[in-house]
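One structure is given below, encoded as structure tokens.
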Amino acid sequence: MKKLSYLLLAVFAAGTIFTSCSEQTDPVAPAVTVTLKTTDAKYVVGEKLTYEIKVVASEGVLADATITPTMAGGTGTSPGTYKFTEETTETFTYFYVIPDKAGSKVTINVEAMLTEGTAVGEGKSAEFTIG
């Protein structure tokens, strides 16, 4: 009888341990990422910064992205819209030329849309101050 009690206790303990462990899930990557590729940026007037923008649609077909800096860039800045050529994942380059606005803070904001008009998501760069 004692052996049966120990066996039942062991089965109960094992069952409790297995059912209390929750399933680990991988974190979901953001739909839009904005990464500065200029490794030695000085953030001075006239400097051309290169950004890599990656957009991933978990469902639907990518249509376009709108890139909106918090301050208009100088001459040579990329256009503010990008039309996708791939259906679900695309990476593209965006150039921002720092304007003559010393002391101003700037962030590059990106919003991507699907062909049906639904937003894929938004992303933004790290904020920087023009030197």
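Values quoted throughout were computed directly from the atomic coordinates according to the rules given, and no laboratory measurement underlies them. Here the structure is a predicted model, which is why all the values come from computation and not from measurement. Note: ideal-geometry Cβ built from the backbone for every residue, glycine included; neighbour counts use all protein chains shown.
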Entirely in the range 40-115, the strands (runs of 3 or more DSSP E) that have 3 or more residues that are touching a residue at least 24 places away in the same chain (Cβ under 8 Å) and over 17 Å from the mean Cα position of the chain (by Cα): 89-97
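In the range 102-131, which residues are loosely packed, with under 14 Cβ neighbours inside 10 Å and either within 14 Å of T50 (Cα to Cα) or not β-branched (V, I, T) (or both)? Spell out the reasoning first.
Here is the first cut: in the range 102-131, the residues loosely packed, with under 14 Cβ neighbours inside 10 Å are 102-105, 115-119, 126-127, 129, 131.
Once the filter is applied, which keeps residues that are loosely packed, with under 14 Cβ neighbours inside 10 Å and either within 14 Å of T50 (Cα to Cα) or not β-branched (V, I, T) (or both), the range 102-131 yields A102, G103, S104, K105, E116, G117, A119, A126, E127, G131.
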Residue that is nearest to A102 (Cα to Cα), among those in the range 30-40 that are loosely packed, with under 15 Cβ neighbours inside 10 Å and in contact with a strand residue (DSSP E or B) (Cβ under 8 Å, 6 or more places away or on another chain): T38
